[in-house]
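The values are calculated or read from the model by the stated rules, or taken from the named source; none is laboratory data. Because the structure is a prediction, the values reported are computed rather than measured. In this analysis, Cβ positions are derived from the backbone assuming ideal geometry, glycine residues included, and neighbour counts consider all displayed protein chains. Side chains are part of the model used for accessible areas, which takes the heavy atoms of the whole protein and leaves out ligands, DNA and RNA. Shrake-Rupley method; radii C 1.70, N 1.55, O 1.52, S 1.80 Å.
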Amino acid sequence: MRNTARWAATLGLTATAICGPLTGSAMAAHDATPASLYAPSALVLTMAYGDSATVTTPMRAVTLSCAPTSSGTHPDAASACAELRGVGGDFEALGARDGVLCTKQYDPVFVTVDGVWQGKRVSYERTFANECVKSSYGTSLFAF
């Protein structure tokens with residue numbers, strides 16, 4: 001019985017000595033792998049009344065995350081993400097919808113977008129003539 005206990009202890013210590021270093025390197029290799037297969041796409045959109053960020057205070061702000069699924073506080077995150085994917089994340093490519101009629105009243109609305117789109121830092125600012133013009137650009141991205 002004594003030999004069996006000694007044999008088991010020796011076997012356990014040998015296994016620990018051999019496999020112990022492998023466990024540490026396996027854990028270190030695991031930490032080096034990315035947490036996700038998707039590049040991050042997370043944005044903060046703000047809207048204010050006025051001409052520029054220096055003279056306005058944001059009235060509304062929403063978050064939008066598009067990878068791996070659409071989420072955030074944006075009222076229509078799925079459509080907004082689809083719209084951005086459709087233009088490759090180029091905010092300048094978002095155009096006004098056809099058939100939208102807006103008054104020529106100048107009541108400026110200032111919109112900012114800051115964050116990361118598909119792993120790249122983005123920052124966008126635009127002043128729209130009024131709320132109607134802002135809503136006419138794209139279908140859902142600026143509708144918050």
Being closer than 16 Å to LEU141 by Cα, open to solvent by 60 Å² or more (accessible area, probe 1.4 Å), within 20 Å of the chain's Cα centre (by Cα) and among the polar types (S, T, N, Q) narrows it down to one of SER79, SER123, so name that one.
SER123
Which of the residues spanning the stretch 43-70 are of a type outside the set (A, V, I, L, M) and touching a helix residue (DSSP H, G or I) at 6+ places or on another chain (Cβ under 6 Å)?
CYS66, SER70
Is it true that VAL133 is assigned to a strand (DSSP E or B), in contact with a strand residue (DSSP E or B) (Cβ under 9 Å, 6 or more places away or on another chain) and either open to solvent by 70 Å² or more (accessible area, probe 1.4 Å) or not polar (S, T, N, Q) (or both)?
no
Among (1) among the β-branched types (Val, Ile, Thr); (2) part of a strand (DSSP E or B); (3) more than 13 Å from the chain's Cα centre (by Cα), there is one condition VAL100 misses while meeting the rest; what is its number?
(2)
Are there any pairs, at least 6 apart or on different chains, whose C-beta atoms fall under 8 Å, with the first in the stretch 106-118 and free of Cβ contacts under 8 Å to residues at least 60 places away in the same chain and the second of a type in the set (Ser, Thr, Tyr), and if so, which?
ASP107/TYR49; PRO108/TYR49; PRO108/THR127
Enumeration of residues in the stretch 61-76 that are among the small types (Gly, Ala, Ser) and surrounded by 16 or more Cβ atoms within 10 Å (Cβ to Cβ)
SER65, ALA67, SER70, GLY72
Give me the residue from the stretch 51-82 that is outside any strand (DSSP E or B) and of a type in the set (D, E, K, R) and, out of that set, nearest to PRO108 (Cα to Cα).
ASP51
Taking the stretch 83-97, which residues are in contact with a helix residue (DSSP H, G or I) (Cβ under 9 Å, 6 or more places away or on another chain) and outside any loop (DSSP other than H, G, I, E, B)?
LEU84, GLY86, PHE91, ALA93, ALA96
Provide a single number: the residues in the stretch 93-120 that are open to solvent by 30 Å² or more (accessible area, probe 1.4 Å), farther than 21 Å from ALA42 by Cβ and not polar (S, T, N, Q).
11
